[in-house]
Amino acid sequence: MSRSSSVEDLPEQCKDLFTQDGVLLKACLGRPVTDLNSIGMLCIVQNQDNSKTIEWRPNDLITIDSDTQDQEWAVVNTIGITMSFAKGRRQRTLSGNITSDYATARARIIKIPIEELKTFRVTRNNQQMQFSTKPGVWQTTFYFQHGNAEIFVAYLKNHVKTAKTRHDRNTYVVVEPNIESQVLNKSFAELDIFTENTTDVVWNLVSNFKQRPYETTMEAFSKLTDIVYYGNEGVNGKRDVSEEVVDLLTKSMNAMEEATTVTKSDEYEVISVKPTLPPRPSIPRGTPLSPEKWWALQDTEGRITEVEGVKQLIFRGGVAHSIRQCVWKYLLDYHPWHMSNAELKALTKKKTEEYFSMKLQWRSMTEGQEARFSEYRDRKSLVEKDVNRTDRTHPFFAGDNNPNLVILQDILLTYVMYNFDLGYVQGMSDILAPLLLLLGNEVDSFWCFVGFMDKIASNFDMDQAGMKHQLLQLQQLLTFASPELANHLAQKDSGNMYFCFRWLLVWFKREFSHRDIMRLWEVLWTSLPCANFHLLICVAILDAEKDILISKDYGFTEILKHVNDLSMCLDVDKILSTAEGIYHQVVSAPHLTDQIRIILGLPTMSNSTSTHSGSDAPTTSKSETNGTKEDQGTGMFGQEMDEDTLEYNGLQICIVTKTVWALLA
Amino acid sequence: MAKTYDYLFKLLLIGDSGVGKTSILFRFSEDAFNISFISTIGIDFKIRTIDLDGKKVKLQIWDTAGQERFRTITTAYYRGSMGIMLVYDVTNEKSFENIKNWIRNIEENASADVEKMILGNKCDLEAKRQVSKERGEQLAVEYQIKFIETSAKDSLNVESAFYTLARDIKAKMEKKQEASNPAGARSGAHQIRANEQQRKPTSWLSRCSLL
Ligand SMILES: Nc1nc2c(ncn2[C@@H]2O[C@H](COP(=O)(O)OP(=O)(O)OP(=O)(O)O)[C@@H](O)[C@H]2O)c(=O)[nH]1
Ligand SMILES: [Mg+2]
């Protein structure tokens with residue numbers, strides 16, 4: 001894999017994956033006292049056979065290389081508390097001239113094979129770490145001069161699966177060496193705990209939305225889902241759950257009618273009060289689209305007809321892991337929904353040929369050509385740098401000479417040929433890695449990547465106009481949805497929302513675990529319930545931090561730090577649910593502005609055909625054709641009704657919630 | 001909350017993508033090196049408080065994404081920085097050539113009197129070297145900026161580089177304060193006593209790095 005030569009080409013047999021300097025050996029069973037209290041380096045080492053070891057090396061192994069070590073600097077170094085040991089090069093890299101001193105020092109290296117590690121703990125305020133390969137004895141104790149043992153733990157956790165013991169928060173028990181794919185599969189199995197019965201209810205619900213949107217209020221919706229999630233056991237076997245659905249719908253219908261009339265007379269009062277958002281409905285997540293459902297949705301030729309319904313289901317609960325490979329190709333516009341199996345086969349063949357012809361374009365470039373083609377060379381070198389830094393802790397991309405890195409690189413270079421103007425921009429490897437990991441196939445991954453890039457290409461504009469535009473839209477949404485927070489940010493010089501840059505550029509890839517990012521992305525790919533839903537995800541995350549940011553009076557730097565540190569601490573389902581709740585709040589707010597409508601892809605007031613007549617205005621024909629009892633509600637928010645609006649389920653919900661707002665006002 | 005430091009310096013790391021800015025910062029803030037680093041998207045910073053001539057100096061060091069495209073965003077964070085590390089990779093000619101562009105970038109976006117320093121990183125990779133130490137030194141002379149070769153991997157000169165930059169900023173600050181307020185009797189976190197001027201130990205520096 002010379003093209004993506006990794007860190008260096010030293011003749012080392014094993015490789016330091018992580019090194020922490022400034023670590024003292026405090027105690028070690030079977031070691032003479034003279035060995036103790038010496039300073040050294042604690043490492044995670046990958047051996048030739050891919051097994052891993054925790055190694056501590058005393059600093060005497062480290063000698064100063066007079067060639068590169070400037071003696072002047074060495075003197076100066078003593079100013080720094082830690083410099084006496086932190087300088088120099090490791091003799092280990094100069095293989096072949098090992099002195100006898102060196103050999104004795106070598107014998108003092110402590111090795112703990114990770115396979116044998118049973119438990120470890122961090123004590124004394126992150127200064128001390130102890131390891132054990134036998135229950136009941138702490139064999140080795142290390143002292144971290146910089147008090148940063150937690151960093152070592154964080155990296156160690158990439159290689160072992162641990163659990164914290166109940167009685168002691170600081171003690172970790174090694175469950176098994178970490179093979180993330182195993183962990184993944186297990187978690188997915190755990191996720192699929194919902195019964196088919198439950199899915200049916202959600203499905204019923206979705207079809208209800210489709211058929212009688214006006215009767216399905218948000219309130220009923222959340223009550224229903226409550227039943228689906230929490231009340232199912234009670235109902236189980238006694239009564240058909242869908243009966244429950246009908247009942248609730250009827251109840252909420254009646255309630256709605258009553259409330260609407262009451263509110264109607266107060267219409268102007270309601271509107272004149274200080275514009276606040278309606279209460280946020282809590283909308284639980286659904287179950288992932290199951291394989292059974294997915295196959296059932298296809299006709300005999302393999303066409304998928306209920307596209308909107310499928311998207312609704314995916315929006316609600318994501319996709320079961322076992323069918324992601326298949327479903328993602330549709331979501332990313334590689335496979336058209338209405339294509340038959342036979343047509344898909346032909347398409348795949350065509351796309352495969354197309355891919356390899358583009359790949360050949362750069363593969364067949366001679367060295368001389370490349371030397372005279374600086375623009376290509378620049379792109380290539382960016383790709384190489386990033387491929388080596390993409391998800392390397394994941395087993396799929398870990399280790400040297402990993403063939404998956406070659407594929408990652410090949411796809412990105414082929415994309416350079418596919419879209420030379422855009423070329424390669426940092427962040428793209430982050431976008432591609434999860435696709436390749438899931439699909440495992442170069443051609444599929446490429447075309448799905450193309451589909452994803454089409455959705456977010458503006459993120460990578462040369463002048464970053466797309467990013468700036470989105471950051472502005474985010475700021476506008478936040479101002480509407482969470483004015484208090486938006487105000488705080490503006491006061492703290494953070495109104496440009498630059499601290500959300502990473503979130504938006506790679507669609508939260510750096511903020512979530514691999515498992516969660518798959519869920520988030522597939523939901524976002526449905527483009528439901530509105531345009532720019534990913535901006536509402538940002539709003540949801542920020543809204544959850546609002547109290548901290550404001551009460552602690554965080555300023556410019558603290559805001560950035562706090563937001564950056566949220567990475568890997570976010571709950572994807574909770575955020576999706578909150579974002580959807582915020583969406584309903586926003587679109588049902590009486591003071592909704594055209595600016596927000598445009599961001600969310602809703603029809604604007606000025607474009608609306610119906611006039612804002614009085615509350616006695618006759619119902620529009622659309623309402624009639626839908627045959628609902630929403631007339632009064634329609635009259636009240638008549639200006640919101642638009643032909644386009646009625647075509648999409650997501651938007652239908654938005655109209656309904658206006659009534660809910662009237663209800664709750 | 002009581003201040004636990006005497007000075008707060010905002011520093012900035014800039015340079016082409018992949019030269020090792022994040023690795024240098026990780027080495028300095030955690031004294032560690034991680035082989036599987038990820039590229040920086042956007043911007044982040046780390047804190048380390050050092051002891052400088054009896055003063056606690058809190059360094060807030062900002063790490064930016066190197067790719068040119070992101071510069072419109074990253075330059076927004078240049079404001080208020082007091083010291084800038086310009087980093088290139090000794091195994092990458094292009095990153096060295098680009099130092100000139102980065103200097104221009106600083107001139108356009110940072111305050112005029114910001115302290116600068118050039119770092120030639122990855123000097124542990126002798127076999128792959130493309131830029132000699134002499135060329136680095138020459139460039140530094142040209143721009144009147146201090147220069148040193150570093151290795152984040154082998155922890156070579158990283159510490160010294162930050163100490164040097166911090167010391168220069170401190171000296172400059174003290175000089176400024178002295179000039180603007182020669183009376184001298186002051187107290188408080190960001191103030192210094194006049195007699196500390198004499199303890200400015202920069203002589204060793206002029207010998208080992210260039211000015
Ligand atoms: N051998 C060696 N490798 C280094 C050194 N410093 C960094 N690297 C490697 O160089 C690569 C890039 O380092 P980063 O620290 O991510 O580079 P960066 O400048 O932050 O890059 P961007 O975030 O893209 O701007 C990584 O693979 C590091 O492991 C060094 O001193 N010696
Ligand atoms: Mg970086």
So which residues in the stretch B:112-137 are open to solvent by 40 Å² or more (accessible area, probe 1.4 Å), farther than 16 Å from B:Ser151 by Cα and in contact (Cβ under 8 Å) with a residue 12 or more places away in the chain?
B:Asp113, B:Lys116, B:Arg135, B:Glu137
Among the candidates B:Ser111, B:Ser132, residue that is away from every other protein chain (no Cβ under 14 Å) and either more than 14 Å from ligand 1 (Cβ to nearest atom) or β-branched (Val, Ile, Thr) (or both):
B:Ser111
Conditions (1) β-branched (Val, Ile, Thr); (2) farther than 20 Å from A:Arg377 by Cα; (3) open to solvent by less than 10 Å² (accessible area, probe 1.4 Å); number of the one not met by A:Val416
(2)
Considering only helices (runs of 4 or more DSSP H) fully contained in the stretch A:548-605, which possess at least 3 residues that are surrounded by 15 or more Cβ atoms within 10 Å (Cβ to Cβ) and under 22 Å from the mean Cα position of the chain (by Cα)?
A:556-564, A:572-587
Positions within the stretch A:20-40 being open to solvent by 10 Å² or more (accessible area, probe 1.4 Å), part of a strand (DSSP E or B) and of a type in the set (A, V, I, L, M), in sequence order:
A:Leu24, A:Ala27, A:Ile39
From the options A:Thr348, A:Thr300, A:Thr276, residue that is modelled with pLDDT under 95, surrounded by fewer than 17 Cβ atoms within 10 Å (Cβ to Cβ) and over 30 Å from A:Pro590 (Cβ atoms):
A:Thr300
Every listed condition ((1) open to solvent by 20 Å² or more (accessible area, probe 1.4 Å); (2) facing another protein chain (nearest Cβ under 7 Å); (3) away from ligand 2 (no atom under 13 Å from the Cβ)) holds for B:Ile73 save (1)
May I ask you to say which residue of A:Asp386, A:Asp391, A:Asp421 is open to solvent by 50 Å² or more (accessible area, probe 1.4 Å) and of a type in the set (D, E, K, R)?
A:Asp421
Residue list for the stretch B:162-198, restricted to those being polar (S, T, N, Q) and at pLDDT 50 or above
B:Thr164, B:Gln177, B:Ser180, B:Asn181
For the stretch B:40-49, which residues satisfy the criterion of being more than 14 Å from the chain's Cα centre (by Cα) and either more than 29 Å from A:Leu471 (Cβ to Cβ) or surrounded by fewer than 17 Cβ atoms within 10 Å (Cβ to Cβ) (or both)?
B:Thr49
Members of the stretch A:361-408 found to be closer than 30 Å to A:Lys52 by Cα, at the interface with chain B (Cβ under 9 Å from one of its Cβ atoms) and small (Gly, Ala, Ser), listed by number:
A:Ala398
Scan the stretch B:1-16 residue by residue and report those that are more than 11 Å from chain A (Cβ to nearest Cβ) and either near ligand 2 (Cβ under 8 Å from one of its atoms) or open to solvent by less than 30 Å² (accessible area, probe 1.4 Å) (or both).
B:Tyr7, B:Phe9, B:Leu11, B:Leu12, B:Leu13, B:Ile14, B:Gly15
Would you mind stating whether B:Ile24 is surrounded by 22 or more Cβ atoms within 10 Å (Cβ to Cβ), of a type in the set (A, V, I, L, M) and within 15 Å of ligand 2 (Cβ to nearest atom)?
yes
Which residues, taken from the stretch B:17-38, are facing another protein chain (nearest Cβ under 7 Å) and among the aliphatic types (A, V, I, L, M)?
B:Ala32, B:Ile35, B:Ile38
In the stretch B:156-166, anything facing chain A (nearest Cβ under 8 Å) and touching a strand residue (DSSP E or B) at 6+ places or on another chain (Cβ under 6 Å) is listed as B:Asn157
Got a sec? Which helices (runs of 4 or more DSSP H) wholly within the stretch A:64-162 have at least 1 residues that are open to solvent by 30 Å² or more (accessible area, probe 1.4 Å) and either hydrophobic (A, V, I, L, M, F, W, C) or modelled with pLDDT of 50 or more (or both)?
A:71-77, A:100-107, A:149-156
Checked B:Asn92, B:Asn109, B:Asn101 against criteria (away from ligand 2 (no atom under 16 Å from the Cβ) and surrounded by 15 or more Cβ atoms within 10 Å (Cβ to Cβ)); the one match is B:Asn109
Got at least one residue in the stretch B:139-150 being in contact with a Pro (Cβ under 9 Å, 6 or more places away or on another chain) and within 13 Å of chain A (Cβ to nearest Cβ)?
no
Being away from chain B (no Cβ under 13 Å) and not in a helix (DSSP H, G or I): is that true of A:Met358 here?
no
Pairs under 9 Å by beta carbon, first residue closer than 19 Å to A:Cys500 by Cβ and without any contact (Cβ under 8 Å) to a residue 24 or more places away in the chain in the stretch B:61-84, partner within 16 Å of ligand 2 (Cβ to nearest atom) and open to solvent by 10 Å² or more (accessible area, probe 1.4 Å), six or more apart or different chains?
B:Ala76/B:Ile43
Is it the case, given these coordinates, that A:Ser527 is within 12 Å of another protein chain (Cβ to nearest Cβ), outside any helix (DSSP H, G or I) and open to solvent by 20 Å² or more (accessible area, probe 1.4 Å)?
no
Might you check whether a residue that is surrounded by fewer than 17 Cβ atoms within 10 Å (Cβ to Cβ), over 19 Å from A:Arg324 (Cβ atoms) and at pLDDT below 80 occurs anywhere in the stretch A:180-194?
no
Scan the stretch A:305-325 for residues that are farther than 23 Å from A:Pro434 by Cβ and touching a Leu at 6+ places or on another chain (Cβ under 6 Å) and report the count.
1
Confirm whether B:Asp51 is away from ligand 2 (no atom under 14 Å from the Cβ), at the interface with chain A (Cβ under 8 Å from one of its Cβ atoms) and among the acidic types (Asp, Glu).
yes
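The values are calculated or read from the model by the stated rules, or taken from the named source; none is laboratory data. Values in this document were obtained by computation on a predicted structure and should not be read as measured data. Because the Cβ atoms are built from the backbone with ideal geometry, glycine has one as well, and the counts that use them run over all protein chains shown. Each accessible area value is taken on the protein alone, full model and side chains, heavy atoms only, with ligands, DNA and RNA left out. Shrake-Rupley method; radii C 1.70, N 1.55, O 1.52, S 1.80 Å.
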